[in-house]
């Protein structure tokens, strides 16, 4: 389920209802940082500021190579999930999937400054520097979605990764388990929602 333009609300379990909710950056901020329930949070404003700084590096690359990119954005959108999309007052990080444009990434290969794109998805470094846990999915347009045998490897990878993260961000830890505990069969059932953030 994708709810577009709907501002979701947290349930009594501290999570959004199952599904993906499309919002812009302003609405995401209002829900996850600016809401009254998070006024006392120290980590939420700090992490959001770091997310903004992280995204600005991509913006700088787009401006620098506007002629090569021909108006194409490096990032299509973000999926934000995990504890940041819950009522937890002091989340440790922001878990996100970053949908990058495969053609834009190809166009920037070996250009000065383009090393950032690889660095941006070094999860250990980005976790320390920004408090983010980013996962990259390379977006490609797939015209024949019902003919998988006609898909290129890149198209199949995109579909696989998109489905994988849609499944992952709707999971939660079963009651009584530790946050970083390995996934279980019981944790596979969709139990919460996440945000698709347009830029």
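List of remarks:
- Condition check for residue 31: closer than 16 Å to residue 192 by Cβ, modelled with pLDDT of 95 or more and either in contact with a strand residue (DSSP E or B) (Cβ under 6 Å, 6 or more places away or on another chain) or crowded, with 16+ Cβ neighbours inside 10 Å (or both): yes
- Any hit, the range 3-12, residues being under 30 Å from residue 112 (Cβ atoms) and either at pLDDT below 95 or under 17 Å from the mean Cα position of the chain (by Cα) (or both): no
- Contacts under 7 angstrom Cβ, first residue in the range 114-127 being free of Cβ contacts under 8 Å to residues at least 60 places away in the same chain, partner part of a loop (DSSP other than H, G, I, E, B), 6 or more apart: 127/93
- In the range 123-147, the residues that are touching a helix residue (DSSP H, G or I) at 6+ places or on another chain (Cβ under 7 Å) and exposed (fewer than 13 other Cβ atoms within 10 Å of the Cβ): 125, 144
- Condition check for residue 197 on (1) at pLDDT 90 or above; (2) part of a loop (DSSP other than H, G, I, E, B): one failure, at (2).
The values are calculated or read from the model by the stated rules, or taken from the named source; none is laboratory data. In this text the structure is predicted, and so the values were computed from the model without any measurement. Backbone-built Cβ (ideal geometry, glycine too); neighbour counts: all protein chains shown.
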